[in-house]
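Report on the structure given below.
The values are calculated or read from the model by the stated rules, or taken from the named source; none is laboratory data. For clarity, every value in this text was computed on a predicted model and none was experimentally measured. Virtual Cβ from ideal backbone geometry, glycine too; neighbours counted across all protein chains shown.
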Amino acid sequence: MLLVYRLGVSLRVPGVDAQAVSQLREASKSQGALGFLNLFSGGAFGSFSIFALGIMPYITSSIIMQVLTVVIPKLEQWQQEGATGQRKITQWTRYVAIGIATLQGAGLTFIFGQGRGSAFFGASRHAPDVVLLDPFMPRALLVIPSLVAGTALLMWIGELISQRGIGNGMSMVIFASVVSNL
């Protein structure tokens with residue numbers, strides 16, 4: 001499964017200018033926001049691959065669901081139901097993660113499609129501003145689902161690792177991404 005993860009890190013999102021991505025990565029020298037996001041995505045963010053969002057939407061979703069468990073009585077009831085309730089909470093965590101991934105994918109598409117990429121990531125003036133080949137809406141309708149599908153695939157890989165009893169799958173995916181950057 002981790003081999004599939006490393007393969008996904010090298011698959012670039014369709015519609016992205018590979019040369020512009022390389023120039024942006026070089027200009028930023030893995031500093032600032034790009035370096036931080038790249039660390040947790042195993043280099044996928046810096047190369048704008050299908051796993052660019054990494055597992056972070058799921059982690060964010062999990063935190064949100066934990067907080068909402070205290071606020072929403074139905075979630076608190078599910079938590080007290082044991083395994084059945086936990087399955088329901090996990091399913092809703094996945095739904096929220098897909099929503100967060102969609103929002104993050106749209107944000108990235110906007111930043112890179114509207115010429116704000118180099119400023120956002122603290123790159124030098126020599127970095128390209130537009131990474132997408134065509135910044136119009138049809139391109140976004142290809143890029144955003146690709147990023148969301150990458151996150152969904154990472155969640156599935158993490159769950160498979162957990163089911164096989166190797167350890168916490170999501171933690172293993174994060175571990176693989178951090179170790180791959182060393």
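The sole residue among S118, S162 that is at pLDDT below 60, more than 18 Å from the chain's Cα centre (by Cα) and surrounded by 14 or more Cβ atoms within 10 Å (Cβ to Cβ) is S118.
Tally up the residues in segment 1-50 that are of a type in the set (D, E, K, R), at pLDDT 75 or above and part of a helix (DSSP H, G or I), please.
Restricting attention to segment 1-50, the residues satisfying the condition of being of a type in the set (D, E, K, R) are 6, 12, 17, 25-26, 29.
After this cut, where a residue has to be at pLDDT 75 or above as well, the list is 6, 12.
Keeping just the survivors that are part of a helix (DSSP H, G or I) gives 6.
Residues meeting the conditions: 1.
Could you say which residue among T93, T60 is of a type in the set (S, T, Y) and touching a Phe, Trp or Tyr at 6+ places or on another chain (Cβ under 8 Å)? Among T93, T60, only T93 is of a type in the set (S, T, Y) and touching a Phe, Trp or Tyr at 6+ places or on another chain (Cβ under 8 Å).
Here is a yes/no grid of residues against (1) crowded, with 17+ Cβ neighbours inside 10 Å; (2) out of contact with any strand residue (DSSP E or B) (no Cβ under 9 Å at 6 or more places or on another chain); (3) modelled with pLDDT of 90 or more:
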| position | (1), (2), (3) |
| --- | --- |
| T93 | yes, yes, yes |
| G122 | no, yes, no |
| R125 | no, yes, no |
| P128 | yes, yes, no |
| V131 | yes, no, no |
| M137 | no, yes, no |
